[in-house]
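Heads up: the structure comes next, in structure tokens.
The values are calculated or read from the model by the stated rules, or taken from the named source; none is laboratory data. What you see is a predicted model; the values in this text were computed from it and never measured. Positions of Cβ are backbone-derived with ideal geometry, glycine not excepted, and every protein chain shown enters the neighbour counts.
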Amino acid sequence: MRLLLSAFLLCSLLSCDKLQQQSDITLQSPTSQVKEKSNDGGNTYNWSVTGGTIATSNGNTSHGSLSVARQVSSNATSAAADIPQPDKLIIKTATVRCRVENFTETSQKLQQLVTTKGGYISSVNESTEGNSREGTITARIETAKFNELLDGLCKLAYSVLSKEVQANDVTAEFHDNEARLRAKHATEEQYYSVLKQAHKIEDILQVQDYIKNVREEIDVLEGRQKYLQNQATYSTITLTYSEYVAGSTITAPEDTFFARVWSAITNGWKSLQWFVIWFIGAWHIWLILIVLFVIGRRFVKKLRDKKPLPTTTTPVVPTTESTTTVQDSYIS
């Protein structure tokens, strides 16, 4: 009986030791490691993740300490890492200028061709100036059918004036954004775990602010990823076409005497308008000149008032009576 009891206790101890070893291996597996430290308003928070463990501490002793340790499954991080990434993300664009024989008919054929190939028209612009008609069509098509649609559009033209094709490889940017998104999601998860354990209003508000900032960064990255995927999945072709009329010439209007007179009157009136507008617009210059003129005039006037007038002596002209008296006295 004692032998059976001893064997049972020994088996139980071995089973518990084995389960403890498996638990230690699971918790210490370095599947992901994220460390972040933030300092805000005198409170220093340290977050660290190793495997499936999250530890958080607040180093400010004046406001108490906040420490949390809980087990978080690393399945989300592993699933994000296992998402299949495309080999290449290339954004293709083409710009074509051409001439067509029949503007209306060719415009309809261009739109029908885009629809037939599985694409869609994002914008259509048409304009008419005199005898010239011009249109611009922007089409979106799957990248696999990009070259096929481009060749078909060029065949509908009478002559191709210019054609430019560009290919922009954004694979590196896409993968870099994916890595940043995984890190941001892990950080957001840490902040939420801290928020659940926070009790003080000050700590809760700070963590909520961190979560808001991380969420904004995640939204920006996700929007950029969707844009890159859309641009790489559907290529863009911009085709500008104008109607070609064989032997057509543009005649200039006859330049007669009265036409030149009328043109001179019109140009003079426009010049007068521009002068009036310029004169009114320079009112501050005229105001400064008027003030300087008034100040200068007063200054010159004061100088003139202070300057003494020159004294002049008028010679005495002898009269006839005085001359006769002098002569009489001389004779006597």
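Below is a table of values for the structure above.
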{"item": "Single residue of LYS92, LYS88 found to be at pLDDT 70 or above, under 30 Å from ALA186 (Cβ atoms) and not aromatic (Phe, Trp, Tyr)", "result": "LYS88"}
{"item": "GLU164 being over 25 Å from the mean Cα position of the chain (by Cα), within 30 Å of SER123 (Cα to Cα), at pLDDT 90 or above and not aliphatic (A, V, I, L, M)", "result": "yes"}
{"item": "All positions within region 123-156 that are exposed (fewer than 15 other Cβ atoms within 10 Å of the Cβ), without any contact (Cβ under 8 Å) to a residue 40 or more places away in the chain and not basic (Lys, Arg)", "result": "SER123, VAL124, ASN125, GLU126, SER127, THR128, GLU129, ALA144, ASN147, GLU148, ASP151"}
{"item": "Check on GLY119, crowded, with 16+ Cβ neighbours inside 10 Å, over 23 Å from SER159 (Cβ atoms), in contact (Cβ under 8 Å) with a residue 24 or more places away in the chain and not aliphatic (A, V, I, L, M)", "result": "yes"}
{"item": "Check on ILE204, touching a helix residue (DSSP H, G or I) at 6+ places or on another chain (Cβ under 6 Å), surrounded by 13 or more Cβ atoms within 10 Å (Cβ to Cβ), part of a helix (DSSP H, G or I) and of a type in the set (A, V, I, L, M)", "result": "no"}
{"item": "Considering residues of region 184-199 that are of a type in the set (Gly, Ala, Ser) and in a helix (DSSP H, G or I) only, the residue farthest from GLU105 (Cα to Cα)", "result": "SER193"}
{"item": "Residue among ILE137, ILE91, ILE121, ILE141 that is assigned to a strand (DSSP E or B), closer than 30 Å to ILE218 by Cβ and touching a helix residue (DSSP H, G or I) at 6+ places or on another chain (Cβ under 7 Å)", "result": "ILE91"}
{"item": "Cβ-Cβ under 9 Å pairs, at least 6 apart or on other chains, region 159-183 side assigned to a strand (DSSP E or B), far side surrounded by fewer than 14 Cβ atoms within 10 Å (Cβ to Cβ)", "result": "ASP169/LYS88"}
{"item": "Residues (closer than 12 Å to LEU113 by Cβ and of a type in the set (Lys, Arg)) located in region 133-179", "result": "LYS145, LYS155"}
{"item": "Filter result for VAL194 (farther than 30 Å from ARG97 by Cβ, surrounded by 12 or more Cβ atoms within 10 Å (Cβ to Cβ) and not small (Gly, Ala, Ser))", "result": "yes"}
